[in-house]
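**Student:** Please see the structure below; I have some questions.
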Amino acid sequence: MEDIRRPDSMERITRPEQADAFIQEQVDLIRKQVGDKKVLLALSGGVDSSVCAAILIRAIGEQLVCVHVNHGLLRKGEPEQVIQVFREELGANLIYVDAVDRFLDKLAGVTDPEEKRHIIGNEFIEVFAKEARKLDGIEFLGQGTIWPDILESEAGIKAHHNAGGLPEDLKFELVEPVRILFKDEVRVVGKQLGLPDNMVYRQPFPGPGLGVRCPGAITRDRLEAVRESDAILREEFAKNGLEGKVWQYFTVVPDFKSTGIKDGKRTFNWPCIIRAINTTDVIEVTVEHLPADLIDHLVKRITTEVPGINRVLFDYTPKPPATVEYE
Ligand code: XMP
């Protein structure tokens, strides 16, 4: 499966009937490859792993074992949605692992951004490997690798780390049903498989999750402020027709405080930074200029509804000179 390549002649999948044909082709290929054996899949709830899971469920049903690791750095409602869509609606064999304390305890007091990323990556592999060892008869590993992952990895831009990291005793044969697809095609296929729009048209979300939006040492209260403010921002973007139009938008709660006033009393709380950007390649990024009434509304909601926030700032810096994320 490793060396399967996108044929030069392959037509871009844009229409439902093309997606149906692709799905049927992959279902046949998976059944042929896997037979009656079991496949393990780390299901984050992102577009690629979700579409990969949905194709595998259609092909082999309960022979697929999905593992969803909640590392405490997911957005509000994400673990619940993964359980609802995959376990309840698609009938998947889904193992939910609550690893929130394990991750947050390990990250406590760690300020260096690279060390934070390293801990999150390593813990993820350890938690996933622990679950894999509890299972019998797994011979395959499902992965939501997509075609740009292969191209970027070949060009030396990004290490294609999907397959990497698992210990030697857990080297499974790979099953990669969306491997030859571009991102827009993965979305068309996902839609056709019946996945919800807010899963299929989801904005990019970094692997270390909200951890990189809580700069410096992560504390549970500041992380909650990031999660709640992010949920408000997403809700308001959806209400104002910006969901799916703006490439990426999120909040950051930095580790410093300033004075404010609440109910006539002095407060000393964090600011919340809003960043909304557009791009095609994420190498150069422009800023989305928000309507003034939306700005006012966001300031009002976030300062009144999110504990610990007394000020809202807007980041209008393009990339370069700034990166998209803060760490
Ligand atoms: P930067 O901050 O490098 O981000 O300008 C560019 C894009 O990549 C996303 N990003 C990540 N995605 N793992 C990921 O899967 C990561 O560690 C990671 N860091 C940044 C970022 O959200 C943006 O879309």
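**Student:** Taking H placed 1.01 Å from N in the peptide plane, check which residues at least 5 places from Phe314 or on another chain put their amide H under 5 Å from its amide H.
**Tutor:** Those lying under 5 Å, H to H, from Phe314 are Ile274.
**Student:** Roughly speaking, what is the centre-to-centre gap between segment 313-327 and segment 10-48 when only Cα atoms are used, to the nearest Å?
**Tutor:** Between the Cα centres of segment 313-327 and segment 10-48 lies a distance of 36 Å.
**Student:** Angle, helix 292-305 long axis vs. longest principal axis of the chain, Cα atoms, 0 to 90°, nearest 10?
**Tutor:** Once rounded, the angle reads 90 degrees.
**Student:** In addition: Which FRET efficiency value, to the nearest 0.05, do you get for Met10 and Thr279 by plugging their Cβ-Cβ distance into 1/(1 + (r/R0)^6) with R0 = 25 Å?
**Tutor:** Details: r = 25 Å, r/R0 = 1.02.
According to the calculation, E is roughly 0.50.
**Student:** What full-extension length gain, to one decimal in nm, is calculated for Gln203 and Gln18 as 0.36 nm per residue of separation minus the Cα-Cα distance?
**Tutor:** 64.2 nm
**Student:** If I take every Cα pair under 8 Å that is 6 or more residues apart in segment 1-100, average their sequence separation and divide by the length, what percent do I get for the relative contact order?
**Tutor:** It comes to 25 percent, rounded to a whole number.
**Student:** A further question follows. Lysine pairs in segment 140-266 8 or more apart or on different chains: how many have alpha carbons under 19 angstrom apart?
**Tutor:** Close lysine pairs under the 19 Å cut-off: 5.
**Student:** Work out from phi, with θ = phi - 60° and the Karplus expression 6.51 cos²θ - 1.76 cosθ + 1.60, the ³J(HN,Hα) of each residue of segment 213-225, listed in order in whole Hz, and give x for Gly and Pro.
**Tutor:** For segment 213-225, the Karplus curve yields 9, 10, x, x, 5, 6, 10, 4, 6, 5, 4, 5, 5 Hz.
**Student:** Right, here's the next one. Can you give the FRET efficiency to the nearest 0.05 for Lys262 and Ala238, using r as the Cβ-Cβ distance and R₀ = 45 Å? Walk me through the intermediate numbers first.
**Tutor:** Numbers: r = 28 Å, r/R0 = 0.62.
Given R0 = 45 Å and the Cβ-Cβ separation, E is 0.95.
**Student:** Pop out the ³J(HN,Hα) list for segment 60-77 in order, Karplus 6.51 cos²θ - 1.76 cosθ + 1.60 with θ = phi - 60°, rounded to Hz; leave Gly and Pro as x.
**Tutor:** So the J values, rounded to whole Hz, are 10, x, 6, 6, 8, 10, 9, 10, 10, 9, 8, 9, x, 10, 8, 6, 4, x.
**Student:** Additional query: Ala225: net charge of surrounding residues, Cβ under 14 Å, Lys/Arg +1, Asp/Glu -1, itself excluded?
**Tutor:** That works out to +3.
**Student:** Give the long-range amide H neighbours of Ile95: residues separated by 5 or more places, or on another chain, with amide H under 5 Å away, using H modelled in the peptide plane at 1.01 Å from N.
**Tutor:** Cys66, Val67, His68
**Student:** Is the shape of segment 67-212 best called rounded, prolate or oblate, per the rule: a/c under 1.5 gives rounded, else a/b larger than b/c gives prolate, else oblate, with a ≥ b ≥ c the square roots of the Cα gyration tensor eigenvalues? Intermediate values should be presented prior to the final figure.
**Tutor:** Values: a/c = 1.25, a/b = 1.18, b/c = 1.06.
Verdict is rounded for segment 67-212.
**Student:** Another one. In percent, how large is the relative contact order of the chain, given Cα pairs closer than 8 Å and 6 or more residues apart?
**Tutor:** Answer for the chain is 18 percent.
**Student:** Take Lys183, project a point 7 Å from its Cα along the Cβ direction, then tell me which residues of segment 227-249 have their backbone nitrogen under 14 Å from it.
**Tutor:** 244-249
**Student:** List the residues, sorted by chain then number, that are 5 or more residues from Lys257 or on another chain and whose placed amide H is less than 5 Å from its amide H.
**Tutor:** Here nothing satisfies the definition.
**Student:** Calculated from DSSP H runs of 4 or more alone, at -39500 (n - 2.57) each and per residue, what is the 222 nm mean residue ellipticity of the chain, nearest 500?
**Tutor:** Computed ellipticity for the chain at 222 nm equals -12000 deg cm²/dmol.
**Student:** From the convex hull of the Cα coordinates of segment 1-102, what is the mean projected area in square nanometres?
**Tutor:** Over all viewing directions, segment 1-102 projects a mean Cα-hull area of 8.1 nm².
**Student:** Mind checking which of Phe140, Ile55, Leu90 is farthest towards the positive end of segment 1-155's charge dipole, using Cβ charges of +1 (Lys, Arg) and -1 (Asp, Glu) about the Cα centre?
**Tutor:** Positive-most Cα among the choices belongs to Leu90.
**Student:** On to the next question. Explain nothing, just the number: dipole magnitude of the chain about its Cα centre with +1 on each Lys and Arg Cβ and -1 on each Asp and Glu Cβ, in debye rounded to the nearest 20. Each step should come with its number before you reach the end.
**Tutor:** Numbers: 42 positive and 54 negative charges, 179 e Å.
Approximately 860 debye in magnitude.
**Student:** Something else: Stick to Cα atoms and the Kirkwood definition of Rh, then tell me Rg/Rh for the chain.
**Tutor:** Ratio of gyration radius to Kirkwood radius: 0.98.
**Student:** Pick out which of His297, His71, His118 has the largest mean-square fluctuation in a Gaussian network model of the chain, springs linking Cα atoms closer than 10 Å.
**Tutor:** Checking each option, the largest mean-square fluctuation is seen for His297.
**Student:** Straight-line reach from Lys106: which lysines have Cα under 20 Å away, leaving out those fewer than 8 places along the same chain?
**Tutor:** Once the sequence-local lysines are set aside, what remains near Lys106 is Lys116, Lys130.
**Student:** Here is a further query. To the nearest 0.05, what FRET efficiency results for Glu115 and Asp293 with a Förster distance of 51 Å applied to their C-beta separation?
**Tutor:** Efficiency at R0 = 51 Å is approximately 0.80.
**Student:** Along the Cα-to-C-beta direction of Asp315, a point sits 7 Å from the Cα; which residues of segment 226-248 have their amide N less than 20 Å from that point?
**Tutor:** Residues 226-238, 243-248 qualify, since their backbone N sits under 20 Å from the label point.
**Student:** List the chymotrypsin sites (Phe, Trp or Tyr not before Pro) in segment 240-309 that DSSP assigns to loop (not H, G, I, E or B) and whose Cβ has at most 11 other Cβ atoms within 10 Å. Which are they?
**Tutor:** Working: sites: Trp247, Tyr249, Phe250, Phe256, Phe268; in loops: Trp247, Phe256.
Passing sites in segment 240-309 are Phe256.
**Student:** While we're on this one: What angle do you read, to the nearest 10 degrees and between 0 and 90, between the alpha-carbon axis of helix 113-134 and the longest principal axis of the chain?
**Tutor:** For helix 113-134, the angle is close to 40 degrees.
**Student:** Mind giving me the nanometre distance, one decimal, between the label points for Asp3 and Ala108, set 7 Å out from Cα along Cα→Cβ?
**Tutor:** 5.1
**Student:** In degrees between 0 and 90, to the nearest 10, how far off the longest principal axis of the chain does helix 183-192 point, with axes built from Cα atoms?
**Tutor:** Its long axis makes an angle of about 70 degrees.
**Student:** Counting other C-beta atoms within 10 Å, and keeping those with at most 12, which DSSP coil GluC sites (Glu not before Pro) do you find in segment 1-93?
**Tutor:** Passing both the DSSP loop test and the Cβ count: Glu2, Glu11.
Taken together, the values in this text are just the output of simple stated rules run on the coordinates, not laboratory data. Just so you know, these numbers come straight off a predicted model, no measurement behind them. When we count neighbours, we look across all protein chains shown, and the Cβ atoms used for this are built from the backbone with ideal geometry, even at glycine.
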